[in-house]
Amino acid sequence: MRAVAERDNSLEGLAPSRESGREPDQGTGQQPGPSMAQKPHEKLADKAGEGLEGESEQQADDAELVDAARAGDQRAFERLYRRHQGRTMALCWRMCGGNDTLAAELVQDSFVRAWQKLHLFRGEAKFTTWLHRLTVNVVLSDRRIRMRQVAREQPLESAPEAGTTPSLGLDADLEAAIAKLPERARTVLVLHDVEGMKHTEIAELADMAVGTSKAQLHRARRLLREWLDE
């Protein structure tokens with residue numbers, strides 16, 4: 001059973017409802033998916049790079065909201081949550097292999113942790129960068145707990161069935177293929193090709209060697225090509 005005692009009651013209502021069956025709002029104005037002629041990792045890179053217009057303005061606005069939230073303004077933090085929960089959900093969903101319930105729980109855990117640790121954010125990086133690193137740590141920590149509980153990695157054939165995809169517009173076949181990847185390969189693929197992290201950063205976060213990160217990325221891309229070419 002997941003520990004929930006640490007959650008701050010003042011944040012109730014910020015996280016997406018698990019009973020409504022609705023996915024977090026992903027926003028509007030998504031662009032059509034890239035051509036199928038592209039390699040899978042190229043599609044991921046293209047999609048990760050979309051929506052950069054106005055990023056500097058959002059970053060400045062984020063900084064103002066963070067300052068207000070650190071001063072105790074819960075409405076400011078709620079605005080940060082509403083703004084960033086869509087991409088955070090997509091990150092958790094992909095890293096969880098399409099498990100909607102687990103991804104929603106991890107989104108809640110991530111924002112609760114962000115609220116608790118907001119005083120540690122110094123503004124040296126973008127808030128989104130800080131939030132996504134924190135989220136990755138939450139997901140990987142949860143995975144280590146589950147791995148200890150089952151004492152083995154979940155077999156590929158029993159991967160969770162994907163539900164409604166909270167995606168950023170990737171092709172449905174590609175999303176499904178990512179969800180089928182072994183956990184370590186999927187983690188490296190999502191962090192490198194979607195989140196744009198370097199292998200050194202992934203190695204530190206995922207507690208693996210840089211060479212292992214590169215090998216897992218190669219494995220993930222090879223499996224995606226094989227599955228998508230079938």
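The values are calculated or read from the model by the stated rules, or taken from the named source; none is laboratory data. All values derive from a computational prediction rather than experimental measurement. Quick reminder, even Gly has a Cβ in these numbers, built from the backbone with ideal geometry, and neighbours come from all protein chains shown.
Could you list, in sequence order, all residues of region 184-200 that are within 24 Å of Thr128 (Cβ to Cβ) and under 15 Å from the mean Cα position of the chain (by Cα)? Give the derivation first.
At the first step, the residues of region 184-200 found to be within 24 Å of Thr128 (Cβ to Cβ) are 186-200.
Answer for region 184-200, where residues must be within 24 Å of Thr128 (Cβ to Cβ) and under 15 Å from the mean Cα position of the chain (by Cα): Arg186, Thr187, Val188, Leu189, Val190, Leu191, His192, Asp193, Val194, Glu195, Gly196, Met197.
Residues checked against (1) touching a residue at least 12 places away in the same chain (Cβ under 8 Å); (2) part of a helix (DSSP H, G or I); (3) touching a Pro at 6+ places or on another chain (Cβ under 7 Å):
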position	(1), (2), (3)
Ala185	yes, yes, no
His192	yes, yes, no
Gly196	yes, no, no
Thr200	no, yes, no
Ala203	no, yes, no
Met208	yes, no, no
Gln216	yes, yes, no
Arg221	yes, yes, yes
Glu226	no, yes, no
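What is the one condition in (1) within 23 Å of Arg225 (Cβ to Cβ); (2) modelled with pLDDT of 85 or more that Ala203 does not satisfy?
The one condition Ala203 does not meet is (1).
In region 71-88, how many are in contact with a helix residue (DSSP H, G or I) (Cβ under 7 Å, 6 or more places away or on another chain), in contact (Cβ under 8 Å) with a residue 40 or more places away in the chain and over 15 Å from Arg113 (Cβ atoms)? Steps first, please.
Of all residues in region 71-88, those in contact with a helix residue (DSSP H, G or I) (Cβ under 7 Å, 6 or more places away or on another chain) come to 74, 76-77, 79-81, 84-85, 88.
Within this subset, residues satisfying the condition of being in contact (Cβ under 8 Å) with a residue 40 or more places away in the chain are 74, 77, 80-81, 84-85, 88.
After this cut, where a residue has to be over 15 Å from Arg113 (Cβ atoms) as well, the list is 74.
Within region 71-88, residues that are in contact with a helix residue (DSSP H, G or I) (Cβ under 7 Å, 6 or more places away or on another chain), in contact (Cβ under 8 Å) with a residue 40 or more places away in the chain and over 15 Å from Arg113 (Cβ atoms) number 1.
Would you confirm, using the coordinates I've provided, whether Val138 is in contact with an Asp or Glu (Cβ under 6 Å, 6 or more places away or on another chain) and assigned to a helix (DSSP H, G or I)? I'd like the intermediate steps shown before the answer.
Numbers: in contact with an Asp or Glu (Cβ under 6 Å, 6 or more places away or on another chain): yes; assigned to a helix (DSSP H, G or I): yes.
So Val138 fits the description; yes.
Looking only at region 170-201, which residues are within 13 Å of Gln216 (Cα to Cα) and among the polar types (S, T, N, Q)?
Thr187
Any chance region 74-84 includes a residue that's part of a helix (DSSP H, G or I), under 28 Å from Ala179 (Cβ atoms) and among the acidic types (Asp, Glu)?
No, region 74-84 contains no residue that is part of a helix (DSSP H, G or I), under 28 Å from Ala179 (Cβ atoms) and among the acidic types (Asp, Glu).
Glu161 is checked against (1) modelled with pLDDT under 80; (2) within 19 Å of His84 (Cβ to Cβ) and fails just one. What number does that condition carry?
Of the numbered conditions (1) modelled with pLDDT under 80; (2) within 19 Å of His84 (Cβ to Cβ), the odd one out for Glu161 is (2).
Please indicate, with yes or no, whether at least one residue in region 103-125 is surrounded by fewer than 22 Cβ atoms within 10 Å (Cβ to Cβ), among the β-branched types (Val, Ile, Thr) and modelled with pLDDT under 95.
So far as region 103-125 goes, no, none of its residues is surrounded by fewer than 22 Cβ atoms within 10 Å (Cβ to Cβ), among the β-branched types (Val, Ile, Thr) and modelled with pLDDT under 95.
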